[in-house]
Amino acid sequence: MTHDHDLVLRPTAAQTEAALNPPPGRNGGDLVVETLAALGATTVFGLPGQHALGMFDALRRSDLRYIGLRVENNAGFAADAYGRITGEAAPLLLSTGPGALTSLAALQEARAASAPVLAISSQVPTAGLGGGRHGYLHELPDQAASFRGVVKSVHTVRTQSQIPSAIAEAWTSALTVPHGPVWVEIPQDVLLAKTPIPVVTGGDTFPEELPPRPELTAVAADLLSRAVRPAIIAGGGVVRADASKKLRQLAERLQAPVVTTFGGKGAFPWTHPLSLQSWLEDRHTTDFLEDADVLLVVGSGLGELSSNYHTFEPRGRVVQIEADLGKLESNHPALGIHADARLALQALLETVGERTDPAAPERVREVLAKVRERIASQELTLEQDVLAAVRKALPPGAPSFWDMTILAYWAWSAFDAKAPNTMHSAQGAGGLGYGFPAALGAAAADPTHPVLAVSGDGGALYSIAELATARQYDLNVTWLIVDDGGYGILREYMTDAFGEPTATELTRPDYVALAESFGVPGVRTSPETLEADLAKALAAPGPSVVVLPAVLRMFAPTHLD
């Protein structure tokens, strides 16, 4: 009788030949790139450094495509976007010490946004490990300690034989829901030493699924079926799980209005009769959600932005579906269902009853009308016209990546993403400099669509060096820089709080001339010509820069009322 544990995968003839006769000249770095290729990776991002040269030398003996950025943090942002667009673990190759540490802000964003990034860093030689002070270049007493509070998991390699399994384990961790960045570090001497280990050919990994507990979905289905005023908040977990169609089916069956969080843009059709769109920073929306007798929260932790700065106080029952166990019921008591959004929504669809509520669309229209009236009273025509011009110029299927800038804050609430997984920003961790390098990663992932990056002039200065990357790899990215001469949103915050701003004004370059010095076409536009100039730039192949000199204002918040 054969038992499951007796089954052994037999190597193919080609695998046997490769194992018995490995090509000469391989080192530990080859084990890294061979493992990545065996796992299904096709593109890697990063920067070389002295301790990591074994990995980078191995790249030229592989079929992996390398996209080299100019700053490690920007390389991390590019890998983050590649992971968001493809759903694959994006390899990020880094060197020791300063190179590794410079990626921390990008990895924090990837963790907050559940973007799968596989960071592989070198380490000082094995003799320098253990916490002593040996004086090696880039030496840290415990490099991995800097990453343990940022990434999902840390994997340390000490010998060449550990490389394939450690990388495969990290890959599985990155792609197990909730997705996220992981960290692998390998000493310099292990990467450089010649290896007798056969070519790595097997790499299948199977991230575990996270199904809901059936007794919990049964209770949730009963609550939703009997609800009088159900509503749904859809977060980024719906987008990452590719569950938008299931969300729409459930909302229509329940006749439940849906609001999407800023991370969940595109999870529900913007113009659907049940769509409350994304006006979460508005008291009218908050009041509506508080009035729901059953509120279904899918793929959101109801954090600061999604709860109108923690002013949201639900009065009815809350059902929360969340893959990140740390976010489950972290802000509000709920029927907490620890599960992947797609699997949980499918379970609800199989058990929930159908509701009829002809008044639901009218209640949605009333809320949106109140929101429009509130915004209209603030005389913010310029801001709305600029955002509308961007939407008209951007093809419906094209992805956009937004830095932390006033136009992005408008977009969170007021921009129609048109489709799931097409609008991304750094709202997870909130660091500057995300938009342009992330757009480069997205363009590397899918060259069939133009990609839009949106930055303010302050954020643009974080990533200006990547114009060279865009030109070198001829990536199809148009970069819209809204130039207001400083950190515009901080200027507003400080003026509101203290009467005048400090440290917010910036001397900046001529961005058009600077772009052209990199060989990237640039144009200075105006609010009146933005749509035409942006559409023309997006339609042209390769990178381009569009500069809009404009001082934009934010709409008034409601959480301070």
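The values are calculated or read from the model by the stated rules, or taken from the named source; none is laboratory data. This is a predicted model, so every value here is computed, not measured. Backbone-built Cβ (ideal geometry, glycine too); neighbour counts: all protein chains shown. Please note that ligands, DNA and RNA were not included when accessible areas were found on the heavy atoms of the full protein model with its side chains. Shrake-Rupley method; radii C 1.70, N 1.55, O 1.52, S 1.80 Å.
A few notes on this one:
- If only residues of the stretch 262-274 that are within 27 Å of residue 353 (Cβ to Cβ) and touching a Pro at 6+ places or on another chain (Cβ under 6 Å) are counted, the one that is surrounded by the most Cβ atoms within 10 Å (Cβ to Cβ) is 267.
- If the condition is being in a helix (DSSP H, G or I) and either surrounded by fewer than 23 Cβ atoms within 10 Å (Cβ to Cβ) or in contact with a Pro (Cβ under 7 Å, 6 or more places away or on another chain) (or both), then the stretch 16-53 contributes 16, 17, 18, 19, 20, 31, 35, 36, 37, 38, 50, 53.
- Looking at 259, 297, 239, just one residue is within 21 Å of the chain's Cα centre (by Cα), farther than 15 Å from residue 352 by Cβ and in a helix (DSSP H, G or I), and that residue is 239.
- For the criterion of being of a type in the set (A, V, I, L, M), modelled with pLDDT of 95 or more and either open to solvent by 30 Å² or more (accessible area, probe 1.4 Å) or more than 20 Å from residue 258 (Cβ to Cβ) (or both), residue 359 passes.
- All positions within the stretch 305-321 that are surrounded by fewer than 24 Cβ atoms within 10 Å (Cβ to Cβ) and of a type in the set (A, V, I, L, M, F, W, C): 305, 312, 318
- Within the stretch 222-236, considering residues that are in a helix (DSSP H, G or I) and aliphatic (A, V, I, L, M), the one least open to solvent (accessible area, probe 1.4 Å): 224
- Residue check, residue 281 outside any strand (DSSP E or B) and within 17 Å of residue 559 (Cβ to Cβ): yes
- Members of the stretch 407-439 found to be part of a loop (DSSP other than H, G, I, E, B), within 12 Å of the chain's Cα centre (by Cα), of a type in the set (A, V, I, L, M, F, W, C) and buried (at least 23 other Cβ atoms within 10 Å of the Cβ), listed by number: 426
- Close pairs from the stretch 322-335: first surrounded by 21 or more Cβ atoms within 10 Å (Cβ to Cβ), partner among the hydrophobic types (A, V, I, L, M, F, W, C) and in a loop (DSSP other than H, G, I, E, B), Cβ under 6 Å, at least 6 apart: 322/328; 323/177; 323/210
- For the stretch 337-346, a residue qualifies if it is open to solvent by less than 20 Å² (accessible area, probe 1.4 Å) and more than 21 Å from the chain's Cα centre (by Cα), and the qualifying residues are 337, 344, 345.
- Looking across the stretch 54-111, the residues that are within 15 Å of residue 191 (Cβ to Cβ) and of a type in the set (Ser, Thr, Tyr) come down to 62, 95, 96.
- Complete set of residues in the stretch 57-72 that are over 24 Å from residue 422 (Cβ atoms) and in contact with a Ser or Thr (Cβ under 9 Å, 6 or more places away or on another chain): 63, 64, 66, 68, 70, 71, 72
- Hey, residue 302 surrounded by 23 or more Cβ atoms within 10 Å (Cβ to Cβ) and over 26 Å from the mean Cα position of the chain (by Cα) or not: no
- Of the helices (runs of 4 or more DSSP H) lying entirely inside the stretch 443-561, those carrying at least 3 residues that are among the small types (Gly, Ala, Ser), open to solvent by less than 50 Å² (accessible area, probe 1.4 Å) and touching a residue at least 40 places away in the same chain (Cβ under 8 Å) are 457-460.
- Candidates 98, 91, 24, 116: the one that is at pLDDT below 95, out of contact with any Ser or Thr (no Cβ under 7 Å at 6 or more places or on another chain) and not hydroxyl-bearing (Ser, Thr, Tyr) is 24.
Results for (1) of a type in the set (Phe, Trp, Tyr); (2) at pLDDT 95 or above; (3) over 22 Å from residue 488 (Cβ atoms), shown as yes or no for each residue.
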{"residue": "520", "(1), (2), (3)": "no, yes, yes"}
{"residue": "523", "(1), (2), (3)": "no, yes, no"}
{"residue": "526", "(1), (2), (3)": "no, yes, no"}
{"residue": "533", "(1), (2), (3)": "no, yes, no"}
{"residue": "537", "(1), (2), (3)": "no, yes, yes"}
{"residue": "546", "(1), (2), (3)": "no, yes, no"}
{"residue": "550", "(1), (2), (3)": "no, yes, no"}
{"residue": "556", "(1), (2), (3)": "no, no, no"}
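- Residues located in the stretch 282-335, provided they are among the acidic types (Asp, Glu) and over 20 Å from residue 239 (Cα atoms): 282, 287, 290, 291, 293, 313, 329
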